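Only the coordinates and a few stated rules stand behind these numbers; no lab work does. Being a predicted model, the structure only gives us computed values, none of them experimental. Here the Cβ positions follow ideal geometry from the backbone for every residue, glycine too, while neighbour counts run over all protein chains shown.
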Amino acid sequence: QKEVEQNSGPLSVPEGAIASLNCTYSDRGSQSFFWYRQYSGKSPELIMSIYSNGDKEDGRFTAQLNKASQYVSLLIRDSQPSDSATYLCAVKLSSASKIIFGSGTRLSIRP
Amino acid sequence: DTEVTQTPKHLVMGMTNKKSLKCEQHMGHRAMYWYKQKAKKPPELMFVYSYEKLSINESVPSRFSPECPNSSLLNLHLHALQPEDSALYLCASSQEVMAGNTEQFFGPGTRLTVL
């Protein structure tokens, strides 16, 4: 089992709709979770971090965390073509000073 | 200022060359990282520095040699690389390594091509 798993996509969502990106992780002791957006040819950009169970909202983005189910998700409301990118889920391991990335979900917003 | 800078943006080198990648941050962060990213893959951790000391080496070949001259600077010295080392090399920094909320901020990366 991979430490951090994401559906690779591509996930195609119509403009204006809600995009839902999911991530599961195997380290039950993990406490810190991050979502990065990466445009093609660019570096990852941190868009959300979440540390407690529940929802965290920032503009059009909502991160959701369920530690019991070892599940973290990212919702993007009112999706725009500029949201088309690869979204990387990252989890800080409880036993090491590093974060582990999922393989990323490619999101495409169609006009 | 949440900026990490990296130079050069692009680098082409032969297998016998020696070159260095540079990274700088002015956020007062005490942890700095080197990652390697191949196309359509996630970033892969290479090295972690905490308070200017190497704390993690992910079994990286010795042809890659990191250096942390001070808390703001991180270098990656390259020597006798192979074509399969061609990748995007990313530098990142965070406030601390062990603290729970260790948000990492990435630089723009150096696109390395080894001929």
- Task: Among what's in the stretch A:4-62 and is at positive phi and outside any strand (DSSP E or B), pick the residue that is farthest from the other protein chains (Cβ to nearest Cβ).
- Result: A:GLY16
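Are any of the residues in the stretch B:66-76 charged (D, E, K, R) and touching a residue at least 12 places away in the same chain (Cβ under 8 Å)?
no
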- Task: Take the stretch B:2-17 and flag every residue that is assigned to a strand (DSSP E or B) and more than 18 Å from B:LYS36 (Cβ to Cβ).
- Result: B:THR5
- Residues located in the stretch A:26-41, provided they are of a type outside the set (Gly, Ala, Ser) and in contact with a Leu (Cβ under 9 Å, 6 or more places away or on another chain): A:ASP27, A:PHE33, A:PHE34, A:TRP35, A:TYR36, A:ARG37, A:GLN38
- Query: When you look at B:VAL97, is it crowded, with 20+ Cβ neighbours inside 10 Å, under 14 Å from the mean Cα position of the chain (by Cα), facing chain A (nearest Cβ under 8 Å) and closer than 18 Å to A:ALA96 by Cα, yes or no?
  - Reply: no
- Taking the stretch A:18-50, which residues are more than 21 Å from B:GLN37 (Cα to Cα) and either loosely packed, with under 14 Cβ neighbours inside 10 Å or among the polar types (S, T, N, Q) (or both)? A:ILE18, A:SER20, A:ASN22, A:THR24, A:SER26, A:ARG28, A:GLY29, A:SER30, A:GLN31, A:SER32, A:SER49
- Breaking point among (1) more than 8 Å from chain A (Cβ to nearest Cβ); (2) under 15 Å from B:CYS23 (Cα atoms); (3) assigned to a loop (DSSP other than H, G, I, E, B); (4) not charged (D, E, K, R), for B:PRO108: (1)
- If you go through the stretch B:59-66 one residue at a time, do you hit one that is surrounded by fewer than 20 Cβ atoms within 10 Å (Cβ to Cβ), more than 20 Å from A:TYR39 (Cα to Cα), away from chain A (no Cβ under 14 Å) and β-branched (Val, Ile, Thr)? no
- Kindly check whether there is at least one residue in the stretch B:33-51 that is surrounded by fewer than 16 Cβ atoms within 10 Å (Cβ to Cβ), over 19 Å from A:LYS42 (Cβ atoms) and free of Cβ contacts under 8 Å to residues at least 24 places away in the same chain. yes
- Could you check A:SER94 against (1) within 20 Å of B:GLN95 (Cβ to Cβ); (2) in contact with a Leu (Cβ under 8 Å, 6 or more places away or on another chain); (3) polar (S, T, N, Q) and say which number it fails? (2)
- Query: Would you say A:SER94 is among the small types (Gly, Ala, Ser), in a loop (DSSP other than H, G, I, E, B) and within 14 Å of chain B (Cβ to nearest Cβ)?
  - Reply: yes
- Residues that are β-branched (Val, Ile, Thr) and touching a residue at least 60 places away in the same chain (Cβ under 8 Å), drawn from the stretch A:1-32: A:VAL4, A:VAL13, A:ILE18
